[in-house]
């Protein structure tokens with residue numbers, strides 16, 4: 001996470017704490033700290049007939065603050081403020097601007113996407129007096145982009161020889177400033193003394209795609225003696241899909 005992203009996250013956490021203190025004065029609400037794991041995948045809206053894509057999942061982290069505002073005996077409003085990693089990896093057989101027997105370019109793109117995520121959720125608890133209470137969560141989440149990074153692993157194959165090419169690229173400008181997602185999931189609440197432990201798992205589905213563009217310079221092929229006169233460019237519109245497992249301790 002770069003310095004600008006850290007500043008945005010710190011400011012957001014401070015604002016959330018101040019909001020939580022205000023809510024505590026007028027409602028039976030609580031604040032908790034969450035840490036969790038994300039399992040991420042990018043899913044293409046439309047790759048086009050000439051682009052072959054194989055999806056590969058990646059892993060990340062999520063951590064931050066969670067509010068727990070009681071509306072009724074079984075219904076809660078749960079706002080969250082999280083540092084949240086999304087992204088994914090995909091294997092692409094790239095369409096080429098020239099036709100050369102035995103010549104193909106295969107790329108593995110790994111995208112790490114960092115967000116300040118603000119889920120606004122409704123939490124339903126089963127109205128029972130058990131030590132472990134089942135819960136259901138749903139709602140909308142807004143993710144403000146912090147940073148995006150691409151790791152581009154290119155394998156050029158020609159006449160039985162393989163030539164690797166690796167580079168990294170900042171792709172923050174390819175991300176939507178704010179990305180909305182639909183969230184659904186559930187878990188368990190466990191009473192611990194004066195506090196409460198919440199375990200939950202959820203799915204987050206991006207509602208709009210990010211438009212990615214990857215460029216492999218023609219000059220690189222020319223250095224290898226391959227007569228490619230144009231940059232190799234492929235574009236993919238991808239949704240963020242995330243499976244998220246976390247534990248939260250409410251004070």
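Laboratory data are not the source of any read-out in this text; all were calculated from the coordinates shown. As the structure is a prediction and not an experimental result, all values here were calculated from the model. For neighbour counting, all protein chains shown are included, and Cβ atoms are generated from backbone atoms with ideal geometry for every residue, glycine included.
Just a few scattered comments:
- Rough spin-label spacing in nm, given labels placed 7 Å along Cα→Cβ, for residue 93 and residue 108: 1.8 nm
- Extending 7 Å from Cα along the Cβ direction at residue 194 and again at residue 213 yields two label points whose distance is 5.7 nm.
- Extension gain (nm, one decimal) between residue 39 and residue 100, 0.36 nm per residue minus Cα-Cα: 18.1 nm
- Directionally averaged projected area (the chain, Cα convex hull): 15.5 nm².
- Estimated 222 nm signal from helices in the chain, with DSSP H stretches of n ≥ 4 weighted -39500 (n - 2.57), rounded to 500: -4000 deg cm²/dmol
- For the chain, the longest principal axis of the Cα atoms and the long axis of helix 3-26 meet at an angle of about 20 degrees.
- In a fully extended conformation the segment linking residue 223 and residue 126 would gain 28.4 nm over its present Cα-Cα distance, using 0.36 nm per residue.
- The three principal axes of the C-alpha atoms in the stretch 132-178 carry coordinate ranges of 61, 31, 14 Å, sorted with the longest axis first.
- Computed on the Cα trace of the stretch 38-128, the radius of gyration divided by the Kirkwood hydrodynamic radius gives Rg/Rh = 1.25.
- Inter-label distance for residue 70 and residue 203, nm, one decimal - labels placed 7 Å from Cα along Cα-to-Cβ: 3.3 nm
- Kirkwood-type radius of the stretch 197-251, with distances r between different C-alpha atoms, in Å: 15.2 Å
- Least to most buried among 111, 223 (fewest other Cβ within 10 Å first): 223, 111
- Here the residues 157, 181, 99, ranked from fewest to most Cβ neighbours within 10 Å of their Cβ, fall in the order 99, 157, 181.
- Within a Gaussian network of the chain (alpha carbon springs, distance under 10 Å), most fluctuating of 109, 170, 200: 170
- Förster-model FRET efficiency, 45 Å R0, residue 140 and residue 230, C-beta, rounded to 0.05: 0.60
- Normalised by the number of residues in the stretch 3-250, the mean separation of alpha-carbon contacts (under 8 Å, six or more apart) gives a relative contact order of 20 percent.
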